[in-house]
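Remarks on the structure that follows.
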Amino acid sequence: MKRVHCNLEFCVNCHLCEVYCTLAHSPYNDLVAAFKGGAHPEPARLFVEERRPASFAVQCRHCDDPYCVTSCLTGALYKEESSGRVLYLQGKCIGCGTCLVACPYGAIKRRMKPDGHFTIVKCDLCPDRTRPACVEACPNLALKYEEREQMNP
Amino acid sequence: MPRSLMQPEFLVQRDKERCIECKTCVRQCGFGVHEYEEARGVLVSNDSECVSCRRCVVFCPTGALQIKKNEAYRENSYWTEDRLRDLRRQAEFGGTLLTGMGCDRTYPIYFDHILLNASQVTNPPIDPLREPIETRVYIGRRPEKPVPASASGCGIPLTGMPMQVSAEVPAAVSAEMPCEMPKGAATVELGEMAKGPTTVESGEMATEMPPAVKLEIPVIFSAMSFGSISKNAILSIARAAASLGTMFNTGEGGMHRDLEPYKDHMIVQVASGRFGVDPSYLNAGRIIEIKIGQGAKPGIGGHLPGEKVGEEIALTRGIPRGSDAISPAPHHDIYSIEDLRQLIYTAKEATEYRKPVSVKIAAVHNVAAIASGAARAGADIIAVDGLRGGTGAAPKMIRDNVGLPIELAISAVDRRLRREGLREKVFLIAGGGIRCSADLAKIICLGADAAYIGTAALLALGCHLCHKCYTGNCSWGIATQNPYLTRRINPELGSQRLINLLTAWSHELKEIMGAMGINAIESLRGNRLQLRGVGLPENELRELEIKQAGEAM
Ligand code: SF4
Ligand code: SF4
Ligand code: SF4
């Protein structure tokens, strides 16, 4: 399947992938509104980690045999057969955080819902777009969305 | 020192309404201007460090940032802001003022006082989309006279040898020339080179030409060394040169091993520091360039401080890690044209006369005589670098006050070489201030065979002309060796930008030539009838050898 691959050599640590991920998952079309429109902006589904000089965008690898899915207590997480994406059902998630611990990449984050309960956020590969928003936002071609032999970059 | 009298040169303005506190600016500024104060949870900027490289402006996703000039000094029309600032700085810190890139002062720009011609009715224009227009040129020495191939060494014209038979040689025949041509010369097709003299020897035709290299477009990337710019910037340029069918120049820093795949498009430079120079280096490229001077700092050598000489640079330059890389002002073995001749022929001997040798000189007041001397000394190519030429570091007073605009310099060199019967023997490259395809066309009309571009190429890679190359903090990842910054140039993307730029220039050049009714660079070169001056006094028109706008052919 096509995945987002980050090139460690050319990631410039700008975090624009995170910014545009937020925009893509927010109800607004405008960046300022996406961050300042509501009480809580949508969190980014990928995270840039840095140890200078290097930096690297971490996001769900949509593993062939995902630990998170195996570990999920309620069956909220699942692997969509048709696309290969690892997705979750908000309604089923109880925010226990088991998947956070199970994921070897640390690609899942927990967030609080307006009702005070926890749930998770993770990359969904932007199902409504031809190319994920992060890939389009990358100013240095460090992120590529393509089919590769290797799952990891 | 008591309180400093220096004021910030620029002011950073952040629109709080638009800022989303993503901190991209904090991470992108190479000069550490922006900071996120954890305690107060606010973004602050230290204006006095800002150099207006605009990395933050370009990268801020919401357009929240603006950089404004700070009107801190009370200037007048004589004591301008930069004069006041420089004076204050020196009063406070002493020392030579340093700067980077090219001269930015308000000298006349002759390019902007020259208009191009176009054909109407009597000599119809050519449509480049329908008819071929040739932008190809061959860089190297042109043969003086037909030479029997066996009588001369390869590529050394022996004057006065009796000519046997001269004829246009068909491409197929020329492939059998007895003289050995450069091996692995991907862009030199023997057939195409064989426009030169032909001899018949024991019943077989033989053609000999001095070594030459084909350029698909008369634009070459000028010398920028590994050290002055990052490896990724050089790789971008090298890749673009290979893809465009032109050349790039290693600069004086030696050849990084990663440039191996681009050797067929490489000019290797030999400067006064002789960094990384050995027989394999000389033989690695297609052309050897002896650098005498640089337009940005004529008469001044180079100095790459030891802090920047890391492992890679040390290896490439062949010097110890951490040692200052100093290029003396003169070549210590060149004090005359005769000495220059020795070095030129040393280079030729070392490469068995298979490589054209170029001599690069800065445009100074006596440039025409020096170029003439270089031509006589055996240079196959002469590169003249004008006042606006860039640099990684130069004393500001030299950069801004020494030299000649390239338009005047090329005109003078071309005239002198023509008068002395030398022009047809050498290939003339003009560098230092070519900004667009119209400048390119104009400089060719003024006598150049091709142009060097350096600043224009860096601009394509992202440079914003902040003139702070010498600090090594280039936010755009170009003039720096800091690994946090150099990764900002991805050669895949960088080379594409350069290819786009020169492809566009090539189209435009063809449009310009087509409009003139000219279909080959050969017919454009030195064609001053296509130029007219506007707003230039008579003596400048005379220097440029062009007519006043309004005067007919
Ligand atoms: S130095 Fe460049 S990146 Fe830093 S604040 Fe100034 S313009 Fe922005
Ligand atoms: S890059 Fe722009 S939006 Fe992001 S913190 Fe800086 S000023 Fe604010
Ligand atoms: S190369 Fe970098 S430091 Fe030099 S002028 Fe351009 S942006 Fe500034």
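Nothing in this text is a laboratory measurement; each read-out follows from the coordinates by a stated rule. The shown structure was predicted, so the numbers you read here are calculated from the model rather than taken from an experiment. FYI the Cβ positions are ideal-geometry reconstructions off the backbone, even for glycines, and counts take in every protein chain you see.
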Quick query: amide H of B:Tyr107 versus all other amide H atoms, modeled in the peptide plane; which residues come in under 5 Å with a sequence gap of 5 or more or a different chain?
none
Low-density loop cleavage sites - trypsin sites (Lys or Arg not before Pro) in the range A:80-153, where at most 16 other Cβ are within 10 Å (DSSP):
A:Lys92, A:Arg129, A:Arg148
For chain B, which DSSP H helices look membrane-span-like by this rule: Cα extent along the axis of 27 Å or more and mean Kyte-Doolittle of at least -1.0?
B:491-516
What shape does chain A take by its C-alpha gyration tensor, where a ≥ b ≥ c are the square roots of the eigenvalues and a/c under 1.5 counts as rounded, a/b above b/c as prolate, and the rest as oblate?
oblate
Cut-off under 18 Å on the C-alpha distance; same-chain residues fewer than 8 positions from A:Lys144 excluded. Which lysines are left, in chain and number order?
A:Lys2
For the protein assembly as shown, restrict the atom set to alpha-carbon positions and state the Rg and Dmax in Å.
29.7, 100
Which of B:Lys214/B:Lys468; B:Lys231/B:Lys360; B:Lys425/B:Lys547; B:Lys23/B:Lys231 exceed 30 Å between C-alpha atoms? The answer is B:Lys214/B:Lys468
Tensor-based shape of the range B:5-121 (alpha-carbon gyration tensor, a/c under 1.5 rounded, otherwise prolate or oblate):
oblate
By the gyration tensor of its Cα atoms, with a ≥ b ≥ c the square roots of the eigenvalues, what is the shape of chain B: rounded for a/c under 1.5, prolate for a/b over b/c, or oblate?
prolate
Hey, what do the phi angles of the range B:8-20 turn into as Karplus ³J(HN,Hα) couplings, whole Hz, using 6.51/-1.76/1.60 and θ = phi - 60°, x for Gly and Pro?
x, 7, 10, 10, 8, 10, 10, 7, 5, 4, 8, 4, 9
If you take every DSSP beta bridge whose two residues both sit in the protein assembly as shown, what share of them, in percent to the nearest 5, is antiparallel?
60
Fewest to most neighbouring Cβ within 10 Å: what's the order for B:Tyr470, B:Tyr36, B:Tyr335?
B:Tyr335, B:Tyr36, B:Tyr470
Between the range B:378-394 and the range B:396-473, the alpha-carbon center distance in angstrom:
7
Placing unit charges on C-beta atoms (Lys and Arg positive, Asp and Glu negative, everything else neutral), compute the dipole magnitude of the protein assembly as shown about its Cα centre in debye, rounded to 20.
1480
What do the square roots of 5 times the Cα gyration tensor eigenvalues come to for the range A:63-121, in whole Å, largest first, as semi-axes of the equivalent ellipsoid?
19, 13, 9
Counting other beta carbons within 10 Å of each Cβ, put A:Asp64, B:Asp439, B:Asp82 in order, fewest first.
A:Asp64, B:Asp82, B:Asp439
Could you please rank B:Trp79, B:Trp505, placing first whichever residue has the fewest other Cβ atoms within 10 Å of its Cβ?
B:Trp79, B:Trp505
Of all DSSP beta bridges having both residues in the range B:213-525, the percent classed as antiparallel (nearest 5) is 10
Can you list the aspartates and glutamates whose alpha carbon is less than 20 Å from that of A:Lys79, not counting same-chain residues fewer than 8 positions off?
A:Asp64, A:Asp65, A:Asp124, A:Asp128, A:Glu146, A:Glu147, A:Glu149
Helix-derived [θ] at 222 nm for chain B: sum -39500 (n - 2.57) over DSSP H runs of at least 4, divide by residue count, nearest 500?
-8000 deg cm²/dmol
Calculate one ³J(HN,Hα) per residue across the range B:315-321 by plugging θ = phi - 60° into the Karplus curve 6.51 cos²θ - 1.76 cosθ + 1.60, and present them in order as whole Hz with x for glycine and proline.
5, 5, 8, x, 10, x, 4
